[in-house]
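Contents: one structure, followed by commentary.
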Amino acid sequence: MKEVWIVDDDEEMGQAISLMLTLLECNPKHFSSPRPAAQALLAGGQPDLLILDINMPEVSGLDMLEFIRRRSEWKNLPVLMLTSEAADVMVEKALQMGADSYAMKPVTIEELEKAMSQAFYKHTIK
């Protein structure tokens, strides 16, 4: 069972994504901000996939993505950006910074599964 961490300041969205992940036979863990997720990574935890919202107070999902991609021990951690940020320039920026896939909120379980598959696939061909 894949462990998937969700970093999203919206509690209801975190619960909805957690439910979808459970239905997709994953083990979800929700963090309401990037700081505790970063602390968990630094303490040695590592999910099979990290799902990041972009727009969060204090530390954005892009800041968290940059933090992850600067560390060699997390270079193979698949990252999916799940956000309401639809601007093409933001999508491109996230992908250039090292995101493996991108999905828009609100997301269906099928869209989530497809975005997850894309993120995992990118790490099997690297």
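The values are calculated or read from the model by the stated rules, or taken from the named source; none is laboratory data. The model shown is predicted, which means the values in this text are computed figures rather than measured ones. Cβ sites come from the backbone with ideal geometry, for glycine too, and all protein chains shown count toward neighbours.
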query: For GLN46, which of the numbered conditions (1) modelled with pLDDT of 95 or more; (2) under 22 Å from LYS122 (Cβ atoms); (3) out of contact with any strand residue (DSSP E or B) (no Cβ under 7 Å at 6 or more places or on another chain) fails to hold?
result: (1)
message: Can you say whether VAL107 is β-branched (Val, Ile, Thr), over 13 Å from the mean Cα position of the chain (by Cα), surrounded by 14 or more Cβ atoms within 10 Å (Cβ to Cβ) and closer than 15 Å to LEU49 by Cβ, as far as the supplied structure shows?
response: yes
- prompt: Does region 69-76 contain at least one residue that is in contact with a strand residue (DSSP E or B) (Cβ under 6 Å, 6 or more places away or on another chain), surrounded by 14 or more Cβ atoms within 10 Å (Cβ to Cβ) and under 19 Å from TYR102 (Cβ atoms)?
  reply: no
task: Being assigned to a helix (DSSP H, G or I) and either modelled with pLDDT of 95 or more or not small (Gly, Ala, Ser) (or both) narrows it down to one of GLU85, GLU92, so name that one.
output: GLU92
task: Return the pairs, sorted by first residue and then second, in which the second residue is exposed (fewer than 14 other Cβ atoms within 10 Å of the Cβ) and hydroxyl-bearing (Ser, Thr, Tyr), the first residue lies in region 99-110 and is without any contact (Cβ under 8 Å) to a residue 24 or more places away in the chain, the beta carbons are less than 9 Å apart, and the residues are 6+ apart or on different chains.
output: ASP100/TYR121; SER101/SER117; SER101/TYR121; MET104/SER84; PRO106/SER84
- prompt: So ASP9 fits all but one of (1) part of a strand (DSSP E or B); (2) surrounded by 17 or more Cβ atoms within 10 Å (Cβ to Cβ); what number is the exception?
  reply: (1)
task: For residues that are among the hydrophobic types (A, V, I, L, M, F, W, C), without any contact (Cβ under 8 Å) to a residue 60 or more places away in the chain and within 20 Å of SER117 (Cα to Cα), tally how many sit in region 71-89.
output: 5
- request: Could you please give the count of residues in region 70-82 that are modelled with pLDDT under 95 and under 18 Å from ASN55 (Cα atoms)?
  value: 1
task: Tally the residues that are part of a loop (DSSP other than H, G, I, E, B) and either in contact (Cβ under 8 Å) with a residue 24 or more places away in the chain or under 19 Å from MET104 (Cβ atoms) (or both), restricting the search to region 12-44.
output: 4
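Condition test on GLU58, is it touching a residue at least 24 places away in the same chain (Cβ under 8 Å), closer than 25 Å to THR108 by Cβ and surrounded by fewer than 13 Cβ atoms within 10 Å (Cβ to Cβ)? Reasoning before the result, please.
Values: touching a residue at least 24 places away in the same chain (Cβ under 8 Å): yes; closer than 25 Å to THR108 by Cβ: no; surrounded by fewer than 13 Cβ atoms within 10 Å (Cβ to Cβ): yes.
When the stated conditions are applied, GLU58 does not pass them.
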